[in-house]
Amino acid sequence: MSHPPDTGSPPRANRLAGEKSPYLLQHAGNPVDWYPWGEEAFEKAREEDRPIFLSIGYATCHWCHVMEHESFEDPIVAALMNETFVNVKVDREERPDIDQVYMTVCQMLTGSGGWPLTIVMTPDTKPFFAATYLPRESRFGRIGMLDLIPRVGQLWRNERDPILASAEQITARLGEIAEPRAAADPDPTLPDRAYRELEARFDRTHGGFGGAPKFPSSHNLIFLSRYARLAGQPRALEMAERTLEAMHRGGIFDQIGFGLHRYSTDAEWLVPHFEKMLYDQAMLVLAATEAHLAGGRSAAHRRIVDEVATYVRRDMTSPDGAFFSAEDADSEGEEGRFYVWTADEVARVVGPEDAALVGAIWNLTPEGNFADEASGRRTGANIPHRTELGDAAAARLGGTPEHRHDRLAETRSRLFSYRVTRVHPLKDDKVLADWNGLMIAALARAGRVFDEPSYVEAARRSLAFVLGSMRDRRGRLHHRWRAGELAVPAFLDDHAFLAWGAIELYDSTLDPAFLELALDLQAETDRLFWDSAHGGYFSAAADSEVLLVRQKEVYDGAIPSGNSVAAMNLVRLARLSGRADLSDRAARLFAAFAADTARSASAHGHLADAFQLACAPSLEVVVVGDPDADDTRAMLEVIRSAYRPQGAVLLVPPGSEGDRVRELAPFTAGHRSADGRATAFACRDFACGVPTTDPEALRRMLEGA
C-alpha cells in the first residue's frame, strides 16, 4: 500500500475535522480536501465547474480502510482528486438516505454494490459513474484511481455532453425505480413461497442459505420459527435451529469474547469478516429467542442469548445505557488480528494441559486455519471454532462433558483477559436510534422469555436515553447522537424500530406507558412517512432534505426493512389496542408491496412474517388484576407457558393505570375483576369468552383456542 511521505509534522486537517462521525473523522487528516455532504460542497462544484467525487462508507468497513490507505492517504492520488473534483465524504450509517439512493445507482449500473461506494456526479448531484472499492493502480480489469481521475477530468473538460446526457438518463431511471407500483391483493401464499424459497437454498451440511459469502439473515430464522408453528411445518424450525447452531459453533461467532461477526467469507461459517455490528447482535438474540420458544426451550438457545448479551452489555454500552454502533474488523493495520491465535500463544497463556483441551475443542493447529489475504498462505493464526471432530478429539482427552465445559469456561476467561491487552479495533461509539431500537426489542423479549430482569432493565435504559437525548426541543426524534451532538432528523427505520422496542417492553413489563409510547411512535410514523396516495412508507420524512428521489424500501437486507417492521408493528398494535384503523393500514401496506413480494418472497422475509401473523386467527388475552399479586402472576405464567406467536396479552391493573389501558385498548372497557381476584378473558378477534379466575381453566381455554 502507498502512504504519504513522513514530513515530520501532523497532516493538515481538512473540512471533516469538525464532524462528529467516527468515519468522517478517520479521513480528517487525509491530504484529500474532503467536504461533508452539504451545500458548501455543491456550491463550490458549481462555482468552479467541477464534478463531485462522492465516497460513502462507514467506520468499521475493512475495504474502506484499504482504499483510504492506498489512495486517500497518497499525496499523488490526493493531488489529482483535489485538482479534478470537489470531494465529498458520507457516513452511510449517519445518512442512510443518501447511501440508499446512490447504492441503487451502483447496483443499476454495475449489477452489484458494497462499500466503499464510489460515485462521480455533476454539481447538481446527478451520477454518471459508480463503483465500489477502486485500487490505486488499475489491475485485473478494475480501473485504478490514477487512471480514472485523469480520464474523468478529460471527459468533463472536452466531452461533457455525453456525460450530462448519461447523468440525466441515470437519474430518470432512478425515478422510474422509485415510482410506486400499483397496489394489488397480496398473495395469500406469500409465507408458503418464502418458506419454499428458503428451503431450496438451505445448506443442509453447514446451515444457512446459499454459498459463500454467507450472512446471518436472522430475520429469516425468526420467520421460519414462527412459520413452523403457524403452518405446522417442523422442517422450518429445523432449518432455523441448524443455522443458529452452526453460526454459534463457527468462526463467525467470537468464541473468546462473544458476539457475532458481520458475515462469513466461506460456506462453513469459519472465516468471518471480523467487524461486529450492533444490529447483528440484536437480530441474533431475537432469532435465538424465537427458536427457543418454538422448539422446546433449548439450553443452546439460552447460551447464544446470554453470550451475545454479555458482549453487548460489556463492550457496546455507554455509561448512560445507550448502545454503540460497531467494532472494526481491523487492528494494527490487519483484518482479524485482534481475534486470531497461534497454538504457541495459547499454550503460553493457559499452559500445555489446558492448551491441549482448547486446541482440540476449538480446532487450533500449529499451521493455523487463517490464511493471509494477499498471498493465501497459512500464517499459523487460528480462528477458534467448534466442530464435531474437535469435540470428539476433546472427549478423548478424558473427563466428563461437564468437567470439560468448566475447564473450557475457565480457560476462555484467561484467554479473554490476555486478549484485552492487545491493541483493540476501533469502536464506533455513535448512537443510532434505529439500531438501539433493535437492541431494545431483543433484550426486552429475551428478558421476558428467559426471566432475566437485567436484560429488560438494559432495554429500558437505552430507550430512556434515546427519548431523553435524541429528540430536539420540538420533540422531533433524530437519527444520530455522538459526543453530545444530535444530528440528522430521524428516518422511517428509527421510528419503526423504536416502536418495535416499545412493543416488546410492553409485553415484558405490561406497563401501559410502553404501549402508549408504541402507539404514539406509530402515529408519528404515519404522519411523517406514510404515502397516502399509494400506501407504504417512504424512508425519509416529508420535510427531510430533498435528494434525487424519495424512496421506499421493503427489501430485507442485513436487517428487516423499515416497511416490514412497520407492518409487523401495525399488526401487533392492532391486536393490542383493538383499533381497526391500524389493521386497515397494515392491509394497505401489504397491498402496496404485493408486486415486490411476487418477484421474490424470501427477499421480504419479515414482511412475509408480518403477513402470516395478520392472517392467523387472533388470540387476545386480557387479565384484570394487581400486577404484584400472586393470582395475577399465576395467570400470566399460564399465558406465557406456551408459544402463541399470534397472541396479544393485556393487563388491566386497578386504579388510574387500568383506566389508561382501557383508553388505549377500548375493547377492554367492560372487563372487570370478579370479587377482586385476578380475572382472565380469552378473546378471538376482540370477542371475549366467559371470564375465569382459575389459572387451570384459563390453560384449558387457551389450549382449545
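The values are calculated or read from the model by the stated rules, or taken from the named source; none is laboratory data. None of the values given here were measured: they were computed from a predicted structure. Glycine also receives a Cβ, built like all others from the backbone with ideal geometry; neighbour counts cover every protein chain displayed.
Taken across the stretch 53-62, residues that are among the β-branched types (Val, Ile, Thr), surrounded by fewer than 20 Cβ atoms within 10 Å (Cβ to Cβ) and either at pLDDT 95 or above or in a helix (DSSP H, G or I) (or both) do not occur at all. For the stretch 472-529, the tally of residues that are free of Cβ contacts under 8 Å to residues at least 12 places away in the same chain and of a type outside the set (A, V, I, L, M) stands at 7. Exactly one residue among 201, 226, 242 is under 17 Å from residue 287 (Cα atoms), surrounded by fewer than 23 Cβ atoms within 10 Å (Cβ to Cβ) and modelled with pLDDT of 95 or more, and that residue is 242. Examine the stretch 386-401 for a residue that is farther than 30 Å from residue 287 by Cβ, modelled with pLDDT of 95 or more and among the hydroxyl-bearing types (Ser, Thr, Tyr), and state whether such a residue exists. Scanning the stretch 386-401 turns up no residue that is farther than 30 Å from residue 287 by Cβ, modelled with pLDDT of 95 or more and among the hydroxyl-bearing types (Ser, Thr, Tyr). In this structure, does residue 601 turn out to be in contact with a strand residue (DSSP E or B) (Cβ under 6 Å, 6 or more places away or on another chain) and touching a residue at least 60 places away in the same chain (Cβ under 8 Å)? No; evaluated as a whole, the condition is false for this residue. Considering the conditions (1) closer than 28 Å to residue 232 by Cα; (2) touching a helix residue (DSSP H, G or I) at 6+ places or on another chain (Cβ under 7 Å); (3) surrounded by fewer than 20 Cβ atoms within 10 Å (Cβ to Cβ), residue 588 is excluded by exactly one of them, (2). The residue of the stretch 656-676 that is surrounded by the fewest Cβ atoms within 10 Å (Cβ to Cβ), among those that are among the acidic types (Asp, Glu) and under 21 Å from residue 629 (Cβ atoms), is 675.
When 347, 291, 322 are checked against the criterion of being at pLDDT 95 or above and under 30 Å from residue 91 (Cα atoms), a single residue qualifies: 322.
Looking across the stretch 587-637, the residues that are among the small types (Gly, Ala, Ser), out of contact with any Phe, Trp or Tyr (no Cβ under 7 Å at 6 or more places or on another chain) and part of a helix (DSSP H, G or I) come down to 587, 591, 592, 594, 595, 598, 602, 610, 614, 634. For residue 574, are the conditions met, namely being assigned to a helix (DSSP H, G or I), without any contact (Cβ under 8 Å) to a residue 24 or more places away in the chain and surrounded by fewer than 20 Cβ atoms within 10 Å (Cβ to Cβ)? It is false that residue 574 is assigned to a helix (DSSP H, G or I), without any contact (Cβ under 8 Å) to a residue 24 or more places away in the chain and surrounded by fewer than 20 Cβ atoms within 10 Å (Cβ to Cβ). Here is the figure for the stretch 526-550: residues that are under 21 Å from the mean Cα position of the chain (by Cα) and at pLDDT below 95 total 0.
Only one of the listed residues (107, 169) is outside the structural domain of residue 597 (by TED's automatic domain parsing), polar (S, T, N, Q), closer than 24 Å to residue 50 by Cα and not in a loop (DSSP other than H, G, I, E, B). That residue is 169. When the stretch 542-579 is filtered for residues that are of a type in the set (Asp, Glu) and within 14 Å of residue 592 (Cβ to Cβ), only 553 remains. A residue that is acidic (Asp, Glu), surrounded by fewer than 19 Cβ atoms within 10 Å (Cβ to Cβ) and under 22 Å from residue 34 (Cα atoms) occurs somewhere in the stretch 142-150.
If only residues of the stretch 155-180 that are polar (S, T, N, Q) and within 18 Å of residue 108 (Cβ to Cβ) are counted, the one that is surrounded by the fewest Cβ atoms within 10 Å (Cβ to Cβ) is 169. Within the stretch 275-329, the set of residues being of a type in the set (S, T, N, Q) and closer than 26 Å to residue 227 by Cα comprises 281, 289, 298.
Counting only helices (runs of 4 or more DSSP H) that sit completely within the stretch 317-416, those holding 2 or more residues that are in contact with a Leu (Cβ under 8 Å, 6 or more places away or on another chain) and of a type in the set (A, V, I, L, M, F, W, C) correspond to 343-350, 352-361.
Within the stretch 172-188, being in a helix (DSSP H, G or I) and either of a type outside the set (Val, Ile, Thr) or over 30 Å from residue 123 (Cα atoms) (or both) holds for 172, 173, 174, 175, 176, 178.
Just one residue in the set 132, 125, 171 is at positive phi and of a type in the set (S, T, N, Q); that residue is 125.
Somewhere in the stretch 15-23, is a residue outside any helix (DSSP H, G or I) and of a type in the set (Gly, Ala, Ser)? Yes.
Rundown of residues vs (1) more than 14 Å from residue 576 (Cβ to Cβ); (2) in contact with a Phe, Trp or Tyr (Cβ under 8 Å, 6 or more places away or on another chain); (3) assigned by TED's automatic domain parsing to the domain that holds residue 628, yes/no style:
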| residue | (1), (2), (3) |
| --- | --- |
| 648 | no, no, yes |
| 658 | yes, no, yes |
| 666 | no, no, yes |
| 679 | yes, no, yes |
| 685 | no, no, yes |
| 688 | yes, yes, yes |
| 693 | yes, no, yes |
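Within the stretch 677-704, which residues are part of a loop (DSSP other than H, G, I, E, B), surrounded by fewer than 16 Cβ atoms within 10 Å (Cβ to Cβ) and in contact with a Pro (Cβ under 9 Å, 6 or more places away or on another chain)? The answer is 685, and nothing else.
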